[in-house]
2 protein chains.
Amino acid sequence: MTTSDILPQAKDFSNLYSRETLRRFPSPIKTTMAYFQDPNIVFLGAGMPPAELFPLKSLKVETHKPPFQDFKNLNPEKSSIFCDIQRDIENLEIPMDVPLSRALQYGNSRGQKELLSFLKSHTEIFHTLNYKNWDIITTTGSTQAWDAALRIFCNEGDTILLEEYTYSSSYEAAMSQGINCIPLSMDSKGIIVESLELLLENWDEMYTGIPKPKLLYTIPTGQNPTGITLCDERKPLIYKLAQKHNLIIIEDEPYYFLQMPAYNESGSTNEIDRFSSHAEFINSLAKSFLSLDTDGRVLRMDSVSKTFAPGCRFGWLTGSKPILDVFWDLHEVSIQSTCGFAQSIINGILNRWGQEGYINWLIKIRQEYTLKRNWCLDNLFKYLPMNIIRFASIPTAGMFFTIYIDISKHPLSKKMDTQQIENYFYDKFVQNGVLLTMGSWFKVKNVATLTTGTVSTKANVVDTMKNESNFIMFRGTYAAVDPAKMELGMKILGSVLKQEFGLD
Amino acid sequence: MTTSDILPQAKDFSNLYSRETLRRFPSPIKTTMAYFQDPNIVFLGAGMPPAELFPLKSLKVETHKPPFQDFKNLNPEKSSIFCDIQRDIENLEIPMDVPLSRALQYGNSRGQKELLSFLKSHTEIFHTLNYKNWDIITTTGSTQAWDAALRIFCNEGDTILLEEYTYSSSYEAAMSQGINCIPLSMDSKGIIVESLELLLENWDEMYTGIPKPKLLYTIPTGQNPTGITLCDERKPLIYKLAQKHNLIIIEDEPYYFLQMPAYNESGSTNEIDRFSSHAEFINSLAKSFLSLDTDGRVLRMDSVSKTFAPGCRFGWLTGSKPILDVFWDLHEVSIQSTCGFAQSIINGILNRWGQEGYINWLIKIRQEYTLKRNWCLDNLFKYLPMNIIRFASIPTAGMFFTIYIDISKHPLSKKMDTQQIENYFYDKFVQNGVLLTMGSWFKVKNVATLTTGTVSTKANVVDTMKNESNFIMFRGTYAAVDPAKMELGMKILGSVLKQEFGLD
């Protein structure tokens, strides 16, 4: 008996589905696909173009060679692997490749089996799976996965919970679908458990007439925009509250592999991590909600946007098979499947690298981002007038840092409201040559969008950051900025702030 | 003054938008992108991964060489073109390529400019544009474009019109969104104009309590499943009705370039088209609704699924810029953009072929499909007992043929209803080794799904095919079936039918 034999099945969450989901019937044509590969059947069922008319004879991709020490070596023999992705299965030298004739055909809307198999093994390396019928489905990225999750669970007028500052696209998608978005208070360690508990336990009083939430959406690691990482100790407590109040947790983890060591503010040079083994690296990482999930109530959204490239439009969802089947049904009448080129190419690279090679790559990326973050913060501390700056947290993951500027000593603070001053500083920064995004763009407004319900002031009692009206927040990124530009940006930022506040 | 200067602007159709669309606000972060390429700005605004960390050093694709006469020649020198798609813009030998560093980055969610430019020229070759502010946006295929169109225009309980038999995914998408789907009667030349007119003119009486339709969805050319092509003479009449009743026309045209000459039933060998010029080919094609559109009320959905490959998940929408802007806003919080690999590769091939080379390819594909259709029909007429078979039309486009079987002389016709007999024949065919899809799977049921409205029997008065309850319908395809299998399939079909009806 293996471990997975003794694991329980996921619980049934179909009572949380939207009317759209409940109305959706699986396509009867899908039943014919059982006969598609049957050699005894002349299959005239599906309108599939003949593969010999795909104008792609072969595809060759050059990628880096593990363990990536020669990353910047221009000699391809030392630093490159070539993936020859063949057109037809007969020509295959690499048995784990997805040939173009299949990758570019209809079907396989769950994802190509070779790629799903690699990703399942990858998942088992990094997470603990606590129920039997977990599964994976490919997506066209986590933005699409989130849009699909909203359609699957929420009707107009339903309610979800989000971190009080969150990825603006995630918020906009929910708002436009007419979903009530309720902000969760955060501190430097992420969602404040006591605040979440208060809100759920006193829901009817605090949110009179507003339906109880169905989903809790979180970006646990290197959160966008705040850069905050939800600490591991809070996760089991949040999970328990989700169990008690029957919430689905959507764990959006694009920055999971951009975790870094803490930044040393003391002025001594920051080192990047060197791991003595892959096990040490794996153990260093945040524990996922997926690893805590015994019910099948967590949907984890992964993406290659930060580990390969955003334009791949490739990600995957991990969760219970019954819920992923519902995504599958929706995908078949919307995106159909992830792009076949992306699947063939990413699968080709991953299978040539192997699991160990991919881990080397994830470590490599993390090291590059650590260097970028360190350089950014070195300059930030060097040039900015720190007496008027605060942080929600010094980022230990992701691409973003946020600064809070204390505007109480600014001459305009008595003439303008906080939003006006934020706008004023945004414009000032741009006029002087540096662009940061405004905190208010990421702020979840504590209002019910559609229902006639009311929000009691009690909802805000334990909110910390957002009531500090003498601070304005800006988000910056160190992801794609070259070192010289980063230093210049920080210099400008510092000089604008000093001038505005009459410092120096 | 050029022609486009004197063209009118598209009309405003925002009164037809869904609540979701009206609630959607353009992302404030998008406003920062104006500064993204500004050399005077240190841009810390967007979390874009550095392109040097994309593990794609180069990409090389082998495709066929125009004019494709050496299509099956295995010597790459004679028959292949190689597209070396470079990583960085500096290395570009082909100025029209989309380098990987851009194709795989965030942004460009409208589509890569080189590709949009090619597709706009292509559109101008094949269609007449009658208003000034027409535009194009890329999609992840027409299934996604249709799902997006429904979200953009329809609320739960709204109404759309579809051909009485239609692509099952299109129907399922609308049904699950709670949209009332009203079938339009068809004959061998497509939508029956008088029937459409009757329905629109008497809406309140025929569909009491059901909102008037917002969209008319049609697959004009080689329709799925019927194989029917809507004749050009009816299109201006349908367009006029759409104007009168303020309908958006969604023209779903995946099979547009699979138009073929009429099939000759006389037994003489069918020839494939040879065109003396590209102009002759272009003039031979059906006139699109887009070419009739003076208001900007037509949305044309194109796709490379049949001209390149379905797994590309790449298509485009043509329509008025204000409406496409709304798709853009939805795409940014759902699919984000079409896969960068697909865009780079398809753009690379198209720009090396040029417009003329692409037209050669479209002619080549059409010729291949003509051969397939001819062989299918040759065998169908040879083996099937034609005295019990009827056709909606002999296909002159697309991938599909449909047969209607007269069941009035079958022993079960008095014991079972039509649906049961259809199921019975489906099973019989499969048991004997041939699979066709059932007509009922594609049939739009004349019911209001959600509202409390009622459908008067008058709605059916001019329906022709669907009231003939002594016929059952099956759809077959000749797209991907090899000649020997096709002959075998038709032999089996013939022998099952002869046995069932006691013929021979």
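The values are calculated or read from the model by the stated rules, or taken from the named source; none is laboratory data. In this text the structure is predicted, and so the values were computed from the model without any measurement. Note that each Cβ is placed from the backbone with ideal geometry, even for glycine, and that neighbours are counted across all protein chains shown. Surface accessibility is based on the protein's heavy atoms, side chains included, excluding ligands, DNA and RNA. Shrake-Rupley method; radii C 1.70, N 1.55, O 1.52, S 1.80 Å.
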_Explain nothing, just compute: Karplus ³J(HN,Hα) = 6.51 cos²θ - 1.76 cosθ + 1.60, θ = phi - 60°, for every residue of segment A:276-288 in order, whole Hz, x for Gly and Pro._
7, 7, 5, 4, 4, 4, 4, 5, 6, 7, 4, 7, 7
*Give the share of C-alpha pairs in each 10 angstrom bin for the protein assembly as shown, from 0 to the last occupied bin, in whole percents, shortest bins first.*
2, 11, 19, 23, 21, 14, 7, 3, 1, 0, 0
*For segment A:347-388, just say rounded, prolate or oblate: build the C-alpha gyration tensor, square-root its eigenvalues into a ≥ b ≥ c, call rounded for a/c under 1.5, and beyond that prolate if a/b exceeds b/c, oblate if not.*
prolate
*Take every residue in peptide A:302-308, count the Cβ atoms of other chains within 10 Å of its Cβ, and give the average of those counts.*
3
_Give the separation of the Cα centroids, segment B:1-57 to segment B:64-115, in Å._
25
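Semi-axes, largest first, in whole Å: what does sqrt of 5 times each Cα gyration tensor eigenvalue give for segment B:59-102? Mind dumping the intermediate values first?
Working: eigenvalues 136, 16, 11 Å².
After scaling each eigenvalue by five and taking roots: 26, 9, 7 Å.
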*Going 7 Å from the Cα of B:ALA262 toward and past its Cβ, which residues in segment B:181-218 have a backbone nitrogen under 16 Å from where you end up?*
B:188-190
*So what are the ³J(HN,Hα) numbers for segment B:36-52, from phi and the Karplus equation (6.51, -1.76, 1.60; θ = phi - 60°), rounded to whole Hz, Gly and Pro as x?*
4, 9, 6, x, 8, 10, 7, 8, 9, x, 10, x, 9, x, x, 4, 5
*Report, in debye and to the nearest 20, how large the dipole of segment B:59-102 comes out about its Cα centre when Lys and Arg carry +1 and Asp and Glu carry -1 on their Cβ.*
220
_Hydrodynamic radius by Kirkwood, which averages 1/r over all alpha carbon pairs of segment B:345-440, in angstrom_ = 16.6
*Please identify the cysteines of the protein assembly as shown that lack any partner cysteine with a Cβ under 4.7 Å from their own Cβ.*
A:CYS83, A:CYS154, A:CYS181, A:CYS231, A:CYS312, A:CYS376, B:CYS83, B:CYS154, B:CYS181, B:CYS231, B:CYS312, B:CYS376
*Counting only other chains, what is the mean number of Cβ atoms within 10 angstrom of the Cβ of each residue in peptide B:165-171?*
2
*Can you give the mean number of other chain Cβ atoms that lie within 10 Å of the Cβ atoms in peptide A:103-115?*
2
*Rounded to the nearest 10 degrees, what's the angle between the helix B:113-126 long axis and the longest principal axis of chain B, both from Cα atoms, 0 to 90?*
40
*asked:* Give me the one-decimal nm value for the distance between modelled label points at B:GLU124 and A:ASP427, 7 Å along each residue's Cα-to-Cβ direction.
replied: 4.0
*Could you state the angle between the C-alpha long axis of helix A:483-500 and the longest principal axis of the C-alpha atoms of chain A, as a value from 0 to 90 degrees rounded to the nearest 10?*
30
*Hey, can you grab everything whose amide H is under 5 Å from the amide H of B:THR437? Only 5+ residues off in sequence or another chain; H modelled, so Pro and N-termini drop out.*
B:ARG475
*Note every residue of segment B:422-436 with a reduction of at least 30 square angstrom in accessible area, all protein chains present versus the isolated chain, computed with a 1.4 Å probe, or write none.*
B:VAL430, B:GLY433, B:LEU435
*Which length gain, in nm to one decimal place, applies between B:MET33 and B:ASP5 when the Cα-Cα distance is subtracted from 0.36 nm times their residue separation?*
7.1 nm
*Please work out the Cα center distance from segment A:321-398 to segment B:405-422, rounded to the nearest Å.*
59
*asked:* Give me the 1.4 Å probe accessible area per residue for the protein assembly as shown, excluding ligands and nucleic acids, in Å².
replied: 36
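Taking the Cβ of B:THR143 as the centre, find all other residues whose Cβ is under 10 Å away and add up their charges (Lys, Arg: +1; Asp, Glu: -1).
Working: positive: B:ARG313; negative: A:GLU332, B:ASP147, B:ASP252.
My count for the surroundings of B:THR143 gives -2.
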*Whose amide H sits under 5 Å from the amide H of B:VAL298, counting only residues 5 or more places off or on another chain, with H placed in the peptide plane?*
B:ILE249
*Can you tell which of B:ILE403, B:GLY190, B:ALA309 lies farthest toward the positive end of the dipole of chain B, using +1 and -1 charges on the Cβ of basic and acidic side chains (Lys, Arg; Asp, Glu)?*
B:ILE403
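Rounded if a/c is under 1.5, else prolate if a/b is larger than b/c, else oblate: which is segment B:221-379, with a ≥ b ≥ c the root eigenvalues of its Cα gyration tensor?
Working: a/c = 2.02, a/b = 1.28, b/c = 1.58.
It is oblate, given that a/c is not under 1.5 and a/b is not larger than b/c.
What does the extension gain come out to for A:LYS189 and A:ASN446, with contour length at 0.36 nm per residue minus their alpha carbon separation?
90.4 nm
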*Among A:LYS78/A:LYS189; A:LYS443/B:LYS120; B:LYS113/B:LYS244; A:LYS113/A:LYS287; A:LYS306/B:LYS214, which pairs are too far apart, with a Cα-Cα distance over 32 Å?*
A:LYS78/A:LYS189; A:LYS443/B:LYS120; B:LYS113/B:LYS244; A:LYS306/B:LYS214
_With angles folded into 0 to 90 degrees, how steeply does helix B:321-332 sit against the dominant principal axis of chain B? Use alpha carbons for both and round to 10._
80
*Quick one: with all protein chains in place, what share of the accessible area of segment B:59-102 is carbon or sulfur, to the nearest percent (1.4 Å probe)?*
51
*asked:* Using the Cα centre of chain B as origin and beta-carbon charges of +1 (Lys, Arg) and -1 (Asp, Glu), tell me which of B:LEU362, B:PHE13, B:LEU503 is placed farthest towards the positive end of the dipole.
replied: B:LEU503
*Would you please give the residues with an amide H less than 5 Å from that of A:THR139, counting only those at least 5 places away or on a separate chain, with H modeled from the backbone geometry?*
A:GLY315, A:TRP316, A:LEU317
*Over the heavy atoms of A:THR396, what accessible area does a 1.4 Å probe trace out, to the nearest 10 Å²?*
50
*What total accessible area, in Å², is buried where chains B and A meet, using a 1.4 Å probe and rounding to the nearest 100?*
9200
*Name the residues of segment A:320-350 whose accessible area falls by at least 50 Å² when all protein chains are present instead of the chain alone, probe 1.4 Å?*
A:VAL333, A:SER334, A:GLN336, A:CYS339, A:PHE341
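Please identify the trypsin sites (Lys or Arg not before Pro) of segment A:48-109 that satisfy two criteria: DSSP loop assignment and at most 15 other Cβ atoms within 10 Å. Which are they? Intermediate values should be presented prior to the final figure.
Numbers: sites: A:LYS57, A:LYS60, A:LYS72, A:LYS78, A:ARG87, A:ARG102; in loops: A:LYS57, A:LYS72, A:ARG87.
Taking segment A:48-109 and a limit of 15 other Cβ atoms within 10 Å, the loop trypsin sites (Lys or Arg not before Pro) found are A:LYS72.
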_Listed peptides B:147-157, B:287-297, A:24-34 by packing density, highest first (mean Cβ within 10 Å)_ = B:147-157, B:287-297, A:24-34
_Spelling out what I want: for every residue of segment B:173-188, take phi, set θ = phi - 60°, compute 6.51 cos²θ - 1.76 cosθ + 1.60 (Karplus), and round to whole Hz; glycine and proline get x._
4, 5, 4, 5, 7, x, 9, 5, 10, 10, x, 9, 5, 10, 10, 5
*Per DSSP H run of n ≥ 4, the term is -39500 (n - 2.57); total these for the protein assembly as shown, divide by its residue number, and report the mean residue ellipticity at 222 nm rounded to 500 deg cm²/dmol.*
-10500 deg cm²/dmol
